[in-house]
Structure formats: structure tokens, C-alpha cells
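Asks: Got a structure for you, questions after.
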Amino acid sequence: MNNKEIRGIFDKETITVYQAYSPEIAIPAVKNQKFVPPFKMERMTWIKPSFLWMMYRCGWAQKKGQEHVLAIKIKREGWEWALKNACLSHYDTSIHKSHEAWKESVQNSPVRIQWDPERDINLKKLEYRAIQVGLSGEAVSLYVNEWMTEISDITDYCKAIHQLILNGKMEEAIESLPHEGIY
């Protein structure tokens, strides 16, 4: 197994990414099928194709400001543009010529990539890593205005799986998870 693989739900045209927001941002986004104020276009926004990593990040939609989990289908061409225009969020001597070269790539790139430990259904760390993609500047504008094809609020779905876990119905919870493949 590769230590870093992109796992998610995708088809020929789209890939699903997840974000969690407060109701003030999430509800209008679903209604308008795009992010609108109070969503801030000038802030970096992180998208994640891993469902369980998102559940770890938002605490099964229980963390303040992350009470609504959104599944956002974006065009694969946008996802691939983001990956091609990205730099790592941290300095890596095996990739960067120098710390200064890495800093320059961070300043010039509209996208950051971060690899964090993937999570299991109990939100415990796994051996392999899940990708997070941070969008800023031009990338946020493209994401909101060109890449998005559908926004769904999946909060009830997330909470239902969490309730199965809390009730000790692990097999049913695992069967309820989205079926992610290697991108």
C-alpha cells in the first residue's frame, strides 16, 4: 500500500470533497448551490475527499462552527488543476532545493497540499495518509464559480452513522460508509 493515496468518491466527471461549516455558511450554500456571504472568498478554504478524515476534523458534525457537513461535487478538471498548481504546506528536503525555494513556492501557489493520517471509523489514526487541499486566491474563485456542480448537506447521514457507532452497531456503521476508491 502506498503511504499517500488520494481516496474518495469520483466518477468520470466529478470528485466529491467535504467541508464542514456553521449553519450561517452551509444553509445558504446548499440553497444557492455555491458559496455566498458570509463565506469569505479571500480566506483559504480546505477541501477533503476522505469522508472519515472529515468526520475526524468536524467531530461527526458536533464541533462548533462545523455543525453542517457538506458533500461538494467538483469537476475533475478543477481538482486536477488544483493538484497541478499546488505546493506542499510544509518544507520537505526530498522535494525542495532549499527552505527559501519552498517559501517562494508557497507565496506563488494558490493551492496547498497537506497529508494527514487517515482515520478509521473510530477516528483513530491509520498507517496511510489522507490528502487535504487548501485553496486560496484564484483557486477559491475557480472552486466556487467554476468547479462546483452540486452541494449537498449530509449532516443527518453523518450523525446517523455516528449514532450507530455509539450504539455499538459497528458492522452496520461500516456498511453505511461511502465507498471510496483510489483516485
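A short reminder: the numbers here are calculations on the coordinates, not readings from a lab. If you're wondering where the values come from, they're calculated on a predicted model, not measured in any experiment. Virtual Cβ from ideal backbone geometry, glycine too; neighbours counted across all protein chains shown.
Asks: Based solely on its DSSP helices, what 222 nm [θ] is calculated for the chain when runs of n ≥ 4 H residues each add -39,500 (n - 2.57) and the sum is averaged over all residues, nearest 500 deg cm²/dmol?
Replies: Numbers: 7 runs with 61 residues, N = 183.
My calculation for the chain gives -9500 deg cm²/dmol from helical runs alone.
Asks: Quick one: check the C-alpha center-to-center distance for region 107-157 versus region 1-39, whole angstrom.
Replies: 7 Å
Asks: Pulled fully out, how much extra length does the chain show between Asp11 and Ile174, if you take 0.36 nm times their separation in residues and subtract their Cα-Cα distance?
Replies: Values: separation 163, 0.36 × 163 = 58.68 nm, distance 2.20 nm.
Stretched fully, the Asp11-Ile174 segment lengthens by 56.5 nm.
Asks: To make sure I understand the rule: partners must be aspartates and glutamates, Cα under 15 Å from the Cα of Lys64, and not fewer than 8 residues away in the same chain. Which ones qualify?
Replies: Answer for Lys64, where 15 Å is the Cα cut-off: Glu24, listed by chain and number.
Asks: Follow-up. Give me the dipole magnitude in Debye, nearest 20, for region 7-182 about the Cα centre, with unit charges on the beta carbon: positive for Lys and Arg, negative for Asp and Glu.
Replies: The calculation lands at about 340 debye.
Asks: Separate question: What is the packing order of peptides 75-86, 8-19, taking the mean over residues of other C-beta atoms within 10 Å and listing the highest first?
Replies: Numbers: 75-86: 16.4, 8-19: 18.4.
Packing order, densest peptide first, comes out as 8-19, 75-86.
Asks: Right, something else. Here are labelled values, (1) 27, 21, 15; (2) 44, 25, 18; (3) 34, 18, 12, and one is the computed semi-axes √(5λ) of the Cα gyration tensor in Å for what I pasted. Which one?
Replies: (1)
Asks: Set the bar at 28 Å for Cα to Cα. Now go through Lys97/Lys124; Lys31/Lys169; Lys48/Lys159 and name every pair that lies beyond it.
Replies: Numbers: Lys97/Lys124 34 Å; Lys31/Lys169 33 Å; Lys48/Lys159 18 Å.
Lys97/Lys124; Lys31/Lys169, as the Cα separations exceed 28 Å there.
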